[in-house]
């Protein structure tokens, strides 16, 4: 099962690369028509389909919003190598798969010796591998060509990135507000209602002259203490005061107080990073630890933070069941927060674990 889990992602990437190459070959026909027509609208439409193909099948999100500076140059450049390479991928893949199937039929029917059958299957596997590698290489060439011919100047790229991250930060703030509202509604409000009921019950007993009030008062005190703990937890989620008072190290050391899991800390922070960077690092660590506690079934969490010089690097690893969704609201909000500081956040969580969350944020943009 472990081998299957490790092979799943490469197989998926291979299939996506082949699909992207085949679709790119099919898209060459309308691309030629757009070049022959010479109309800017047709060229931009053909290039938009290409950008969508590269983003979807090759994960090249960087090309999705390019300004289409030279669509004719992209289509013409890709026509030179993309069409013959795509045809080669299809032909070699079909020939290798067909040869493998034919060899298996002959081998099972006893019409060829086992040694010859094994050799034939090895040859077919090599052909399929070469076709897949060619598809991946062509995809990389397509992405580089798109960045070279469709991209604008550096200032425009930076402006688009700032506009995107600004919108992402606003969305992340709204998501965080919704999470706080849910925490207040689902946890704190219920505690308040329970405390009010306990106090009301005690008051009615006092009015009737009931002397047995100690148990009810103890219950009310317990409810008040639980409410205070809930309020502190919500306040901690909103913003940790210790970050301002004692810095990033103290804030990360306090993570263990909010989880029952053992938290192994390895903090090599030689200089306190800027406040916004420290806050982002802390929130990434807190969210990763919270997810490990609530969802992964982990037994331990390891938090490593390195700060000094020009960047802060944080790595959180748990030994849980994995399968974390990077597109979930919590991790998406963290990605937006980190991207707003020109940082990067990656989440690797295969089925069966472990889950690795890694963030790197520059201390100066």
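The values are calculated or read from the model by the stated rules, or taken from the named source; none is laboratory data. Only a predicted model underlies this, so the values are computations on that prediction, with no experimental measurement involved. Positions of Cβ are generated from backbone atoms using ideal geometry, with glycine treated the same way; all protein chains shown enter the neighbour counts.
Can we say residue 224 is under 20 Å from residue 333 (Cα atoms) and either modelled with pLDDT of 80 or more or not assigned by TED's automatic domain parsing to the domain that holds residue 314 (or both)? Taking the combined requirement at face value, the residue does not satisfy it. Given the structure, is residue 91 exposed (fewer than 15 other Cβ atoms within 10 Å of the Cβ) and at pLDDT 90 or above? So residue 91 fits the description; yes. Among the residues making up the range 285-314, those that are out of contact with any helix residue (DSSP H, G or I) (no Cβ under 8 Å at 6 or more places or on another chain), at negative phi and not in a helix (DSSP H, G or I) are 299, 300, 302, 304, 306, 310, 311, 313. Scanning the range 94-116 for residues that are surrounded by 14 or more Cβ atoms within 10 Å (Cβ to Cβ) and under 25 Å from residue 133 (Cβ atoms) returns 95, 96, 97, 99, 100, 103, 104. Taking the criterion of being out of contact with any strand residue (DSSP E or B) (no Cβ under 8 Å at 6 or more places or on another chain), assigned by TED's automatic domain parsing to the domain that holds residue 19, more than 14 Å from residue 54 (Cβ to Cβ) and not in a helix (DSSP H, G or I), would at least one residue in the range 76-92 satisfy it? For the range 76-92, residues out of contact with any strand residue (DSSP E or B) (no Cβ under 8 Å at 6 or more places or on another chain), assigned by TED's automatic domain parsing to the domain that holds residue 19, more than 14 Å from residue 54 (Cβ to Cβ) and not in a helix (DSSP H, G or I): absent. Scanning the range 287-311 for residues that are modelled with pLDDT of 85 or more and within 15 Å of residue 250 (Cα to Cα) yields 303, 304, 305, 306.
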